[in-house]
Amino acid sequence: YSQDLSWVLTSGSDIEIRTYSYPADEGRSPSHYTANPSNSKLSRIWKALYQCISRANIALSGIENSEIYKNPDHTYHDLFLEYRAEAITLRAMCYMELTRNWGNVPLRLTPAQSDLSDAYLPKSDRMDIYAELIPGRIECSGDLPWKRTTPGRVTQGFARGRAARLALYRAGHDYVAAGNWVAPRADAKDWHKIAMDQCNIVMTDGGYQ
């Protein structure tokens, strides 16, 4: 987020462009659509995003199978709800970046088996990924605080804003897995309403100016 995602993949657009030397400059070729499969920048970003997803899945499995999470009266129950919501948000954020840059990608919502029996998953349609992630993203947003005393941690405003962006992605004009163009999607208004509802909650309940 500090360099590769915000610079390597997005610096060739209608508002900015970087000169580069083809094919030597790995850091600039992706945004010029000239990257090759051996590009180390692309593989590093891909691995980092899936590593984050893997860690989120492991954290979620541990939290949801713990006695603290299952017992609403436990002293740390609310804290575990907060950790769970944060992990779900970070996982959704990673999938949003993966689909934005790679399109249809493998969707993993549980920890991988230690024997690697489920290591290789097929690609999922990105529209199905959005539809899978959005309800869980919204359901747990209320478990997060609106404000933090330190930066860098997920807040409820960020989580709801991310849910709204995912809903807009799901409603948008895009290709489906079969390569057919669908514009506009028949259920777009339903996803627009979800985005609007989440934004309204942020504006009315978030305490922002």
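Could we say that SER40 is farther than 20 Å from PHE158 by Cβ and modelled with pLDDT of 80 or more here? Give the derivation first.
Values: farther than 20 Å from PHE158 by Cβ: yes; modelled with pLDDT of 80 or more: yes.
The answer is yes for SER40.
Exactly one residue out of LEU90, LEU79, LEU49 is in a helix (DSSP H, G or I), open to solvent by 30 Å² or more (accessible area, probe 1.4 Å) and in contact with a Cys (Cβ under 9 Å, 6 or more places away or on another chain): that is LEU90. When segment 187-209 is filtered for residues that are open to solvent by 100 Å² or more (accessible area, probe 1.4 Å) and either within 17 Å of ARG148 (Cα to Cα) or assigned to a loop (DSSP other than H, G, I, E, B) (or both), the ones remaining, listed by number, are TYR208, GLN209. Looking for something aromatic (Phe, Trp, Tyr), surrounded by fewer than 12 Cβ atoms within 10 Å (Cβ to Cβ) and within 20 Å of the chain's Cα centre (by Cα) - is there at least one such residue anywhere in segment 16-26? Checked against the condition, which is being aromatic (Phe, Trp, Tyr), surrounded by fewer than 12 Cβ atoms within 10 Å (Cβ to Cβ) and within 20 Å of the chain's Cα centre (by Cα), segment 16-26 yields no hits at all.
Residues that are open to solvent by 40 Å² or more (accessible area, probe 1.4 Å) and either touching a Pro at 6+ places or on another chain (Cβ under 9 Å) or under 14 Å from ASN104 (Cβ atoms) (or both) within segment 114-133 comprise TYR120, LEU121, PRO122, LYS123, ASP128, GLU132, listed in sequence order.
State yes or no: is LEU42 open to solvent by 30 Å² or more (accessible area, probe 1.4 Å), over 20 Å from LEU166 (Cα atoms) and in contact with a helix residue (DSSP H, G or I) (Cβ under 8 Å, 6 or more places away or on another chain)? So LEU42 passes the test. Screening LEU116 on (1) at positive phi; (2) touching a residue at least 12 places away in the same chain (Cβ under 8 Å) shows it passes everything except condition (2). Scanning segment 93-113 for residues that are surrounded by 18 or more Cβ atoms within 10 Å (Cβ to Cβ) and assigned to a strand (DSSP E or B) turns up just one, VAL105.
The values are calculated or read from the model by the stated rules, or taken from the named source; none is laboratory data. Model, not experiment: these values are computed from the prediction. Every residue, glycine as well, gets a Cβ built from its backbone with ideal geometry; the counts of neighbours run over all protein chains shown. These area figures cover heavy atoms from the full protein model, side chains too; ligands, DNA and RNA do not enter into them. Shrake-Rupley method; radii C 1.70, N 1.55, O 1.52, S 1.80 Å.
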